[in-house]
């Protein structure tokens, strides 16, 4: 181990000496890049430090917790899974550099859950995983553009798009809040643009719309937003922003005793995260919320039970929140995809497996997956719930009512999807 | 006379280009990409060295100037389908105009005021992209320079093409800057940096001289910005965070703020640090909390140590030490201060 | 009408906190002629000191002085260890004028990385001593609470105390003398180095108060990457410049002017100008009144 590090150190010095243009050894040829007889290597880039890392930096720990559990139970066809994580600080330049390292130096088989719209676009354009045949599994962004098979043939979405969410919200508003004055808080970028497009399709008319610049959502700004919503006398206020914006808004609203009917988007709607930032649970009470996976506190759910047990053992003291659940769910889906890819998985067989069987992959979500040979759309809808007096999102009346739709002009329909039972011990079957 | 001087300096740059050409054929793809990144940083750091080291003005907002260049190049590429060479020229021109405006403001400000103003610029400017649809919002614009001409062969990778373009741009701008610094303007900057009043007495219009420095520096920074967005295929606000401006300044300080030729050192360090940090982290094998913050700590610590102990950069320090030794040898009784005048 | 009043109150509160930050920047500037960009990092660290005190001693009123003393000691340490070395090694040469700026930026990075290493993985909260629920007048809840009132009063008290210290005491005289004419001060027997360290310590304490208040005003959530501290750094600096960098009263006025005008821009122009508004205000001030609202004309070029 030590010797290897020294060699690495020497090679780094050599890099310094000849302007980083040092030759590196060509590795032994394997059946497929990143797949050896005992290990499958996967790579992930996401913000681990910096302002954008809040909450998201729990994802690698969550995914690793599941993979470690899987490896301890025999792995996938005898191979263990190794996840290599790199910090991109939410900067495209870093994301490209780190993805290069993952593909060219660490030689991973596939990229897993890279985060952020701008970063994913930069990587797709500069590194071009499609041209290299590298699968990019289960993107951690809801930007609908990545479902375009022509532009992103090796990318697979997993989160429902922001457009879908806005459309489903629109349906809920039409059915429950007809004639009320609706206010919207949204982020002043593509995240918001997608939302606006969805609301437009759904025919929602807003009395007041408040945009905020990403990164400016402090307490002082939130006080200003509330003043605007108050002045417009909005009955229902939709918070379609990131967690920090939702938290700032609800925290200040509690101080001002401002209590319209809240409606929280899924991105910023994780109760655990919101409460951790000091928002009193009572403020969330009766707010309408949307999610595609079960509530993280729903211990009756077999996935939540198993995942939270695994996570508590792997990362003691860390709260089991939405990011953790999504990270573990993604890892679980990845394991099934690898299993379905055959005894000697290749990049091609991995993608073929998702195309043909992906829609039936067991996972914790309560809405169907949209994978097929002609679609890389992931989850396709949401269930609607309300927050309890303790601030946890739970389905109205105790049963999950789910809606599905698409990112285009398609209708929003009540889903009849029944989630398949969890495979034994939560291992891929 | 001057022409002769310039052409005599062209040779090392051409030689350097030839060396890089052969080197790029010998190493793997990752190193080629890193080589391209280094070339981009060389250009960016050179622009800061020109401004801060030679003209004595500090900028914490060069990331914003790079963003101007990058957006200009991408918009002209997309809207007018301009040839790629012209896109880079546009990047230089537009950023230079921005720099001239900023320079006009800067000429009225000194040290800390200028630092703060440029800092505020670095924070606020990139977020403007969300206000105008043509700039593509948070997801940004695509900036595709296309693949290498077929005549270079099928094996010629995209990254090699990036590297060639960036290396050529770096060599060209270094050569240009070298010559500008040797010209009258360069002498004016050094004179006003040392003592503004004395320079004014000697008939130098220091305000105009400062604005000119800002303009040229911004143009070069704009080129660096366009090159940077070439290597990531897109232009977006998040590609130009405050941290970029800080990193570049770090690179410039590590290079030695008063030696243009040192730009390489800072650029290599910036690219190498994350890899070094990874090795160190692996070695001490500690918690995730420590390993993820190690690169940031290393860069900052290096910056502080350099400012404290090698304030004039390693190259200058080396020269100074050599000069000192030589002076001692000849038993000259003159007190040799560390050279302050850059490479005159 | 209520909207107008609320907009004003939002501005005054955020302006008050950023005035505290501006005060600490002015204190450092006056004692060593350095703009300390690490000030927000120092405030962050001090706030974590305060957090540890709350966890162990269970009282905000004990934690606040702990944070202040911690912040003061740390600032003094930085001055003695870093700033003196800096003056020694790079007070001449081509980068003399920019070296302190660069050094404090590096310091900011070091502090932030270390704080992240120690506290980064945890979710940390500080609960304020007073309710942050808004006052109610005629059925309308105002954007103003007992806590915010406390913050404003603290800002004013702190400013007054510092003003008295500077104007009425021998120590204050030494502080001013060391800042304006260090050589003469030294000749007249003032321990210039000690006085400078003291200036930094005072700034560290003021920064600690700013960090603590900023945190409790924003739901009490504390993180090394918190947006609140980045906002604090930039707005503190801009407020200090608006106030002319030299004057404590100027810093407070600068903070209030900045806070109120940003609040009005966000309310009545566009809510998405969160980052651009402070910059525009800075530019306007620099062009119209480059010496700041309170400040000598020569200062800006010094």
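Side notes on the structure shown:
- Normalising the average separation of contacting C-alpha pairs (under 8 angstrom, six or more residues apart) by the number of residues puts the relative contact order of chain A at 15 percent.
- The distance from the alpha carbon centre of the stretch A:133-194 to that of the stretch B:29-70 is 37 Å, rounded to a whole number.
- The spacing between the stretch A:298-320 and the stretch C:37-102, judged by their C-alpha centroids, is 40 Å.
- Note on residue B:208 and residue B:134: the extension gain reaches 23.2 nm, defined as 0.36 nm multiplied by sequence separation minus the Cα-Cα distance.
- Förster-model FRET efficiency, 60 Å R0, residue C:33 and residue A:205, C-beta, rounded to 0.05: 0.55
- Angle in degrees between helix A:302-314 and the longest Cα principal axis of chain A, rounded to the nearest 10: 60
- Extension gain (nm, one decimal) between residue B:85 and residue B:22, 0.36 nm per residue minus Cα-Cα: 20.4 nm
- Acute angle (nearest 10 degrees) that the helix C:60-78 long axis makes with the longest principal axis of chain C, alpha-carbon atoms: 30
- For chain A, the longest principal axis of the alpha carbon atoms and the long axis of helix A:347-357 meet at an angle near 40°.
- Pair residue A:105, residue A:344: separation of 7 Å Cα→Cβ label points (nm): 3.1
- Modelled label positions at residue C:183 and residue B:101, each set 7 Å beyond Cα in the direction of Cβ, lie 4.3 nm from each other.
- Whole-angstrom gap from the stretch B:91-115 to the stretch B:227-253, using each part's C-alpha centre: 18
- Using just its DSSP H runs of length 4 or more, each adding -39500 (n - 2.57), chain B gives a mean residue ellipticity at 222 nm of -24000 deg cm²/dmol after division by all residues.
- Once the chain from residue A:285 to residue A:299 is taken as fully extended at 0.36 nm per residue, the excess over their C-alpha distance is 3.0 nm.
- Looking at chain A alone, DSSP beta bridges between its own residues are antiparallel in about 35 percent of cases.
- Mean projected area in nm² (Cα convex hull; one quarter of hull surface) for chain C: 16.9
- Estimated from the Cβ-Cβ distance and a Förster radius of 30 angstrom, the FRET efficiency linking residue B:29 and residue B:172 is about 0.75.
- 15 Å reach of a label modelled at residue A:429, 7 Å along Cα-to-Cβ, counting backbone N of the stretch A:298-321: A:302-303
- Rounded FRET efficiency, nearest 0.05, which uses the C-beta distance separating residue C:288 from residue C:3 and R0 of 30 Å: 0.60
- Projecting label points 7 angstrom from Cα along Cα→Cβ for residue A:177 and residue C:160 puts them 4.7 nm apart.
Rule-based calculations on the coordinates, nothing more; no lab input. Note that the structure is predicted; figures quoted are calculated from it, not measured. Every residue, glycine among them, receives a Cβ derived from its backbone with ideal geometry; neighbour counts consider all protein chains shown.
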